[in-house]
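The values are calculated or read from the model by the stated rules, or taken from the named source; none is laboratory data. Predicted model, so just to flag it, every value in this text is computed and none were measured. Cβ atoms come from the backbone with ideal geometry, glycine included; neighbour counts cover every protein chain shown. Note: areas computed on protein heavy atoms with side chains; ligands, DNA, RNA excluded. Shrake-Rupley method; radii C 1.70, N 1.55, O 1.52, S 1.80 Å.
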Amino acid sequence: MEINRFSLQLKKPQTETELVNIFLQELLTMDYRARYTVVREQIAQMDQTKISTENEYEEERDEGDFDALIYGETVVNDEKEEKSHIHPMDVQMAVFHCADRFLQQFMVTKLSQCQYALPLLVPNPFTQQIEFPLWTFRQIKKSWRSTDKSGKVTSKTEPICKAETPMVFFLRLGSVSSSKSQLMNSLINEKHNTFFHRHCPGSSKTRHLMDGVVEIAWYCPSGKDADHFTDCVAFCNLHGDAVTNEKQVEILSENATVNVVLHCSLNENGQSLLQRLFHSPTPLICLLSEENSPLKRIRTGKYRLGLKDRNHADVSAELRRAIRECLSISPRTFKLEELVKNTQITVDEESGSCKKGKEAALQIMNLLKGEDLTAIKQKHLPCQGKLWHDWCQKNKELHQLQGTNVEATKSNTQEQMRQVREQQRASGFSELLNLFVGSLQSLLANEKRFFLKWVGILLDDLTSDKLSHLRLQYDEQWSVVLKFKKKHVKLEQLNIEQNKLESISDNLKAATCGVEHIIREMGQIYEAWASDKNTKTDRNDKNLSSLPDLAAELMISGHPMELMDGDAAHVPLIWVTAVLDEVIKRLGEQRVFVLSVLGLQSTGKSTMLNAMFGLQFAVSAGRCTRGAFMQLVRVTEEMMAELKFDYILVVDTEGLRALELSGRATRHHDRELATFVVGLGNMTLINIFGENPAEMQDILQIVVQAFLRMKKVRLSPSCMFVHQNVGDITAEERNMEGKRRLREKLDEMTKLAAKEEVCDVECFSNVISFDVQTDVKYFAQLWEGSPPMAPPNPSYSENIQDLKRHILSQSSKSSGMTLSQFKTTICDLWNALLNENFVFSFKNTLEIAVYRKLETQYGKWTWSLRSAMLSIENKLQNRIANGKLFKAEETELVASMRQTKEEVENSMKQYFEGDRDTEILTQWRGGFETKSNDFYNALVKKTKRQLDELISQKKACEMREEKKLQYESKLFEQIKELMLNLESKTHDDEVLRQKFDEVWSKCFTDLEKNTVWKDVKRNLSKSHKSNLVHEQEKKGDYKNFSNLPDYSEYVIMKPLFEEDQNAQEAEKKTTQTEQRSSEHSALTDEDQVRIKTFIKDTIQQTEKFIEEELSAKAKYESNYIRHLTDLVKDRVKALKLQRYEVKEEFTVNLSLCVCHIAADTFKEFNKVFEDSNDQKLQYYSMFKSFCKGATSTAVFGGFICSKLEHSILQAVYEKAAIDLAAEIKSGAAAFNGNRSKLERHILRSLAEEESLESFMMYINKPEKHFKQFITDEVNKYILQKNNQTVLGIIIGNLKLKQQCIISAVHSATQEVKNNSGDANKWLKSFSDRLKDELRFTEKSGFDLTDVTDFDTLEEVIIEGLDNIISKLEKNFRESPLKMEKFRERPDEILIKHFCRCCWVQCPFCKAVCTNTIEGHDGDHSVPFHRPVGINQSSESDERHARGSVRFCTTLVASDDTFQPSQESDKTVPYKQYRTAGLKYASWSITPDLSEQPYWQWFLCQFQTTLEERYSLKFQGPSEIPSQWRKYTKEDAIRSLYETDFTECCTVASDQQDNVEDHSVSVRL
């Protein structure tokens, strides 16, 4: 079935084209009024009000009108006659003829539920061949209670095809005034029209498709005195004149127990037919429509009965008496299946796909012939029995570990589970399963559907008798047990009887076998195969790998798929997820609205779902749902836009408080099921049967607790309450009273559940969004009367339709979830439920995956902003260096970044609003937008600060630059003078160099050197006594200040009354003041540690300041020392605010310490600055050119080229740094994701390196290790030989700068020539055009008076430029890049991008929080943790050694405790770790009992080294489980890509393969 426009609003058909859909929709809801669906052409509609009043004021008419009234005389009437409408039975038969076999079966099954007669023999309207639709009867079962002559009542439930019953055959000869069908109805059910007759609503004179049709109906007694017949009786009704339908008469009269003929006047053919029936041994009853005689027996088995002018009830009573007498003397019985032997009819099962499906099913049934039904599953389906149940039990034990060595217990349990899987694999495919799977693989689609139906039908036939017998035994034994309990017999005797009951219950389970059990076996075979990670046995077996695909095909075709195994009370996650994966492959990533149902057993949940959506969930009393099943209902295209999803996925569940679960199921089981079902659904229907307060309280308490759990794990399902079997549902006042009581009960249950779940809520509406006025529905009772003959209540069908309409209306407000999200939710819920504490254990993998994907996108957004700002910073730094920018304006930075900022904002908006996970993303949108803005603002401010520093440095060098220009001018003059002196002489290069050096030494002296340490002492002496500074410097403590053994010389405790004036009472304060006014407390060990930590943090901040604030090419200035000393002062002030008195010596030593550390870096900065500004070689080259006769223009051109070479090289490096960082980030696997993905690659490199020291660096100093890894990987990438990508970027930038310079030369030349400018104007124009591209200033000491030939100048520069570019390109191709040439290296750019994140470590194992954002909201978390033994500072040595092999995620699932502080003996259960203090409370550590080969391999690999390093032994409770030693390095590395760690990083991106990338391309 599907959801179409008729599903939302069912109305009476307005046109004939709507008839079929509305007929089927009403039939779907079991509304027996569907058979009365008609369309009347309303011609000349009359106003009823007008009819009643139009003669009120008219004058009296003549008597002709009265005659017309009495005698029917015609009067003038302008109205047209009403057109005849389609006969209702023609609608039914037209649909039947046009339907395929499955729709026919659906129709007949629903007609049977409506207690209607069913088509038995149907003439083909085109060939007139009589067809017997036996297939349509296969799903129908009838139940009745027969009474024998002794008065004993026996209950029976049989498939109607196999039921052997008497059959009464009604036929008509000629035309009669009485209605045969109406008379038959009075025999079967006086209150219901089983057979359609001429007086039914919608009947018309004309019908086209019913003549010759034989309908059948059964009378089913209830075992009461009011029964018309004591046993089940079939009634067949031939429509039309029997004379013209001789074949039907012949077929049925031969099989009838009693023939009943209705006739009036007979023609020759009619008389002949009646004569044959009379002479037949079959009893005959003649009904004469034109006689009024009472019932008369002509002879034994021959009766006549008049109908005319007789009381209808009397006739019915006499006819029943005659039939009863006939049944008592005729032994003949009728069986539907026996009709197939008749050669005059065509049987639908004997041709086409139905036949092939049946043949394949019979092969399976042949295997089971003669088998003990209670042993069938054990023999043919062995994997789902004891083996599967044992595995489930072990899995539950795994999630509730106990014992001293929980890791060993966990490993042993996992090994036992592996052994069970091995036994399942050894069982392999049974012959039955081979046949079943082979048929699914070989049959065509339609044949496959028939095959599945046949297997279900035949298995049901095979087991039904045995099951009925066992149920009867169970009921009898249950009565015995109850009787014994009432008598308070001995416990031993009671136990014996209860064991008998359990034995019968076990036999019941064993004998129950259906298609779902075979598919369950498929699932277990697949799970056993899929869980085998090491052996390659059967890995390529197509039968195994195709099993999920076969199940997915069944699910898509509408077959219910088992979600939870009801026998084992377990969800087979591997199988379920594999099937859903295949569904996704076939359908695509469809959106589904998940509708689940919850209620007590046998309260009509499955019946309600089947009636609402046309599903196939088991509904009979003997087939209560076990576990949970899911089924897809397609949404038509016309409805998709309105509903926003593609399918409704319906989840039907077993009932709470199931009787057959008593003894093994507890309240815990019901809570588990309720939590699972509620968590899965977008909406859950809470089904309540009747208004019994005790039953209501029973289910409400479970349901409320389930919803409360959802609130605590931030899932937001909705719910509706359905009260079934409510008496007077039309009474509005009663409904309002019921809703009020329900709300009060819900609030009461909420308070109780809140106490149990430790949650502060007062009412149900605080838990979920719930409106008692609209979200509570009352249903009428299902049956209109007493079963088994009662039809469904039309009000129930209306309630079903109203509920369906409301569900679809509510669902239209939600976009549901994707199939992948549904799959993930199943896993999350079940994994959490396996643990004792659901809320504590729940891990929303879907939310984690979406967040990880968001982190990746956030990284792209910040990268877009960062790389754009770096390009702008390069441009502005060039301007500053070129003397074109004297003040950095924040507004200019904002304007330059505007386009990129808008692109990022648009990308964020598109991502948050357009992503398929937008509902999940909404919770983080505001936070990420704020953090993005904060990042942008910080980027702008930092860039401005750096530019301001650069401008400050530029200004500081101005005097020096002016002096340098003066010296350059003087140098030029002396060079020219020297050149004139040497003009007449020839000198070699050595002599020229000697002469040049003499001139150079006269003009230049060394630039003043800044002494770092001198600045340090000068700055400190301004705020401290000079002698104190010199004294502490001489003492030398500052050199090792962070590692002094004792700080009591520098820091003391404040007096107690100063420390806490509110902590002591007034009189105590006075005493302490007198006693200790001049005394101070000594530093405790804890204080010593705090101060040492304070010093190290200060040093770390200093290093960070140097790294971030100073440009790698900036010259040292004394104001840097001022920054550092100010930083120390601010830090010491904060320390003084605590309970310490800090001596001045402390501040001086700490300042000397940080400056001492910074001095080497500053000196290196200064050296680089001086080296880069050494231009001696440039001037010597120019001098040589002059000496060799070059013109001033040529020399000037060469001078420019000599200045350009270094600038080009530097500009290429600066541009390449950004380009290389972007290339590495997008192209290198380690860097093209988020922080978690980067960590995975770090772990891989650590495993490959196998160095414990590297591991320890990673564990103890993760940030430092991350940075080192990034640097190493970037260097490896950039410096590897023949890296064409790197070379391409460098050469590309080189060519780009060449083109910029050529363009600038040409433009400057043209401008000067056009404006008659001089060389100074040319130089200014040239430098202006390069101000953003590279560092080149127009200031020069060169005498430009003689430079006039600008064309020659252009040629010289271009030629020189070609040589420079060729030289640089050659160097780049032959030599690796020089990393020191980068102003900001690519690895430094990437470090800033990746390492501005959270570095908080797990308090147990030191695993680092993987959140990409520094100072993020919410808890810290990590995809997987490590053994706590890695963190040697988390506990005392003794306790730590004891727990050294245990994982955090295992411990929090155990009953063990830990000691949060070494100073206290207080212990805290690991399950309540959040209560141990702030550093614990901020972490989310959920139980994870999966194998973690990486760290298990690590402990085994480095066991000996670790034992020596930490002086401990892995023995006793700390012994490494033997199973861990099987893991190799390759297993460890592979696990990084198979565990949740990878899933969290990649699930979301895998879901988005076809989704547009929201990163922003930066325009540089």
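Brief remarks on what is shown
- Selection from region 287-323 of residues that are within 11 Å of Val258 (Cα to Cα), hydrophobic (A, V, I, L, M, F, W, C) and free of Cβ contacts under 8 Å to residues at least 40 places away in the same chain: Ala322
- Every residue from region 482-514 that is among the polar types (S, T, N, Q), closer than 30 Å to Val455 by Cβ and free of Cβ contacts under 8 Å to residues at least 40 places away in the same chain: Ser503
- Considering region 1344-1363, and only residues there that are open to solvent by less than 70 Å² (accessible area, probe 1.4 Å) and at pLDDT below 85, the residue that is nearest to Lys884 (Cα to Cα) turns out to be Leu1344.
- Counting the residues of region 1229-1271 that are of a type outside the set (Asp, Glu), in a loop (DSSP other than H, G, I, E, B) and open to solvent by 20 Å² or more (accessible area, probe 1.4 Å) gives 4.
- Positions within region 629-660 being of a type in the set (A, V, I, L, M) and in a helix (DSSP H, G or I), in sequence order: Met639, Met640, Ala641, Leu643, Leu659
- Scanning region 380-431 for residues that are among the basic types (Lys, Arg) and within 17 Å of Ile574 (Cα to Cα) yields Lys394, Lys396, Arg418, Arg421, Arg425.
- The residues of region 472-515 that are basic (Lys, Arg) and farther than 24 Å from Ser155 by Cβ, listed by number, are Lys485, Lys486, Lys487, Lys490.
- Qualifying residue in region 1039-1056 (condition: assigned to a helix (DSSP H, G or I), of a type in the set (D, E, K, R) and at pLDDT below 80): no
- Within region 192-213, the set of residues being among the basic types (Lys, Arg), surrounded by fewer than 17 Cβ atoms within 10 Å (Cβ to Cβ) and either in contact (Cβ under 8 Å) with a residue 40 or more places away in the chain or more than 16 Å from Asp241 (Cβ to Cβ) (or both) comprises just one member, Lys205.
- Of the criteria (1) modelled with pLDDT under 90; (2) surrounded by fewer than 14 Cβ atoms within 10 Å (Cβ to Cβ); (3) in contact with an Asp or Glu (Cβ under 8 Å, 6 or more places away or on another chain), which one Gln966 fails: (3)
- Filter result (part of a loop (DSSP other than H, G, I, E, B) and either open to solvent by 30 Å² or more (accessible area, probe 1.4 Å) or closer than 15 Å to Gly681 by Cβ (or both)) within region 770-811: Phe770, Asp771, Gln773, Thr774, Asp775, Gln781, Leu782, Glu784, Gly785, Ser786, Pro787, Pro788
- When Gln384 is tested against (1) free of Cβ contacts under 8 Å to residues at least 40 places away in the same chain; (2) under 30 Å from Ser503 (Cβ atoms), only condition (1) is not met.
- Condition check for Leu238: under 22 Å from Gln92 (Cβ atoms), at pLDDT 90 or above and open to solvent by less than 30 Å² (accessible area, probe 1.4 Å): yes
- Number of positions in region 248-265 that are open to solvent by 60 Å² or more (accessible area, probe 1.4 Å) and assigned to a loop (DSSP other than H, G, I, E, B): 1
- Residues satisfying the stated conditions in region 139-152, i.e. closer than 13 Å to Phe229 by Cα and assigned to a strand (DSSP E or B): Trp144, Arg145, Ser146, Thr147
- Of the numbered criteria (1) of a type outside the set (S, T, N, Q); (2) at pLDDT 85 or above; (3) over 60 Å from the mean Cα position of the chain (by Cα), the one Tyr1179 fails is (2).
- Helices (runs of 4 or more DSSP H) wholly inside region 1475-1519 containing at least 3 residues that are surrounded by fewer than 18 Cβ atoms within 10 Å (Cβ to Cβ): 1478-1481, 1503-1510
Listed here are the residues, each with its yes/no results for (1) open to solvent by 20 Å² or more (accessible area, probe 1.4 Å); (2) out of contact with any Cys (no Cβ under 9 Å at 6 or more places or on another chain); (3) in a helix (DSSP H, G or I).
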{"position": "Leu459", "(1), (2), (3)": "no, no, yes"}
{"position": "Val480", "(1), (2), (3)": "yes, yes, yes"}
{"position": "Asn507", "(1), (2), (3)": "yes, yes, yes"}
{"position": "Ile518", "(1), (2), (3)": "no, yes, yes"}
{"position": "Trp529", "(1), (2), (3)": "yes, yes, yes"}
{"position": "Leu563", "(1), (2), (3)": "no, yes, no"}
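- Exactly one residue out of Phe132, Phe137 is touching a residue at least 60 places away in the same chain (Cβ under 8 Å) and under 26 Å from Leu782 (Cα atoms): that is Phe137.
- In region 626-637, the residues that are touching a residue at least 60 places away in the same chain (Cβ under 8 Å) reach residues that are aromatic (Phe, Trp, Tyr) and assigned to a strand (DSSP E or B) with C-beta atoms within less than 7 angstrom, at least six apart or across chains, in these pairs: Leu632/Tyr647; Val633/Tyr647; Arg634/Tyr647; Val635/Tyr647.
- The C-beta contact set for region 895-907 (first residue open to solvent by 50 Å² or more (accessible area, probe 1.4 Å), second residue among the hydroxyl-bearing types (Ser, Thr, Tyr), distance under 6 angstrom, 6+ apart or interchain) is empty.
- Single condition Leu171 does not satisfy, out of (1) in contact with a helix residue (DSSP H, G or I) (Cβ under 8 Å, 6 or more places away or on another chain); (2) under 27 Å from Leu339 (Cα atoms); (3) without any contact (Cβ under 8 Å) to a residue 40 or more places away in the chain: (3)
- Evaluation of Lys394 against the conditions (1) free of Cβ contacts under 8 Å to residues at least 24 places away in the same chain; (2) within 30 Å of Val1445 (Cβ to Cβ) shows that the sole unmet condition is (1).
- Single residue of region 1460-1474 satisfying the filter (without any contact (Cβ under 8 Å) to a residue 60 or more places away in the chain and assigned to a loop (DSSP other than H, G, I, E, B)) that is least open to solvent (accessible area, probe 1.4 Å): Pro1460
- Test: residue in region 863-880 that is farther than 24 Å from Glu1223 by Cβ and either open to solvent by 20 Å² or more (accessible area, probe 1.4 Å) or touching a Gly at 6+ places or on another chain (Cβ under 7 Å) (or both): yes
- Qualifying residue in region 323-337 (condition: surrounded by fewer than 18 Cβ atoms within 10 Å (Cβ to Cβ) and over 23 Å from His228 (Cα atoms)): yes
- Test: residue in region 353-372 that is within 30 Å of Asn124 (Cα to Cα), at pLDDT below 90 and either in contact with a His (Cβ under 6 Å, 6 or more places away or on another chain) or surrounded by fewer than 16 Cβ atoms within 10 Å (Cβ to Cβ) (or both): no
- Test result for Thr413, part of a helix (DSSP H, G or I), touching a Leu at 6+ places or on another chain (Cβ under 6 Å), open to solvent by less than 20 Å² (accessible area, probe 1.4 Å) and without any contact (Cβ under 8 Å) to a residue 24 or more places away in the chain: yes
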